[in-house]
Each structure stands twice: as structure tokens, then as C-alpha cells.
Amino acid sequence: MGLTLAGLNQALRPFAQYALQLAAEYGIRPRITSVFRSIRKQAELRARFERCVREGRFPSPGPCQFPANRPGDSAHNFGLAFDSVVPANQEEPWTIIREFVGFRVPPNDVVHAEYPGWRNVV
């Protein structure tokens, strides 16, 4: 079982819940893997990402699969993003659903959904 959306900004939660509801109607059951992240946790993820890049292992399955922004430069640090995973064959419809309800999903980080223009509101 994944995390809940409790760490997501209260104003964004209804949109994320709606995305989950729409996904369920299409037989997609996303697992929430990350919502709010502390600066410390973001620093750990960024260090791992940089190590993977240095070692030439980014992107590859496992811990080197996804990018991570610098601490303070992630929508997660402000509760304005959530990450979720679905089987590979459901990634495209899950991306379409999240974008339909108003989230931005970066093409290089399909697990990530963020409030568009979040940097303008923090």
C-alpha cells in the first residue's frame, strides 16, 4: 500500500483525488510514493541522483531511475507535488488523467505530478 495524499497542499488534494477516481474508473490503481518532502530528504535524493549521473547509471531501473531537484527547488518541498507509480502499460493514460485534472507531468519524470507554475506561488 502506498502513501496517502495528506502531505499535498489542501487546495490541490481534491484534484489529485479526482485523478485517482478517474484512474480507478479505467482500472488504473496508482500507488502514491511521495508527497511532501523535507529539505533533508530532498538533499538525500539529490545526492543519490548526482551520484547516479557521475557513475553513468542515470537513467536505469532502481535507485537511478528518476531525477531529483536540488533542495528547495522541488515542488515536493512545498507540498505542491506528488509521485505515483503504475505498471508501465498504464503510464500514458495515468499521465493524461493527471494533466487533465490540472497537474503538470514532466516527460523525463513520469512518476511526478506538480502544480503548474508552482515556483511563482512559493
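Key figures for this structure:
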read-out	value
Pairwise label distance in nanometres, Glu44 with Tyr18, each label 7 Å out on the Cα-Cβ vector	3.4
Spin-label pair Glu92/Arg57, simplified geometry with 7 Å Cα→Cβ offset, distance in nm	3.1
CD proxy at 222 nm, helix term only [per DSSP H run n ≥ 4: -39500 (n - 2.57); per residue of the chain; nearest 500]	-10000 deg cm²/dmol
For a label point 7 Å along the Cα-to-beta-carbon line of Ala11, residues of the stretch 105-122 with backbone N under 19 Å	105, 113-122
Geometric extent, Cα atoms of the chain - Rg, Dmax (angstrom)	14.1, 42
Residue order, fewest to most surrounding Cβ atoms within 10 angstrom, among Ile39, Ile32	Ile39, Ile32
For Asp109, Asp83, Asp73, order by how many other beta-carbon atoms lie within 10 Å, fewest first	Asp73, Asp109, Asp83
Once the Cα gyration tensor of the stretch 51-122 is diagonalised, semi-axes √(5λ) in Å	21, 19, 8
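Every number in this text was worked out from the coordinates using simple rules, so none of it is lab data. These numbers were taken from a predicted model, which means no experiment stands behind them. All Cβ positions, even for glycine, are placed from backbone atoms using ideal geometry, and neighbour counts span all protein chains on display.
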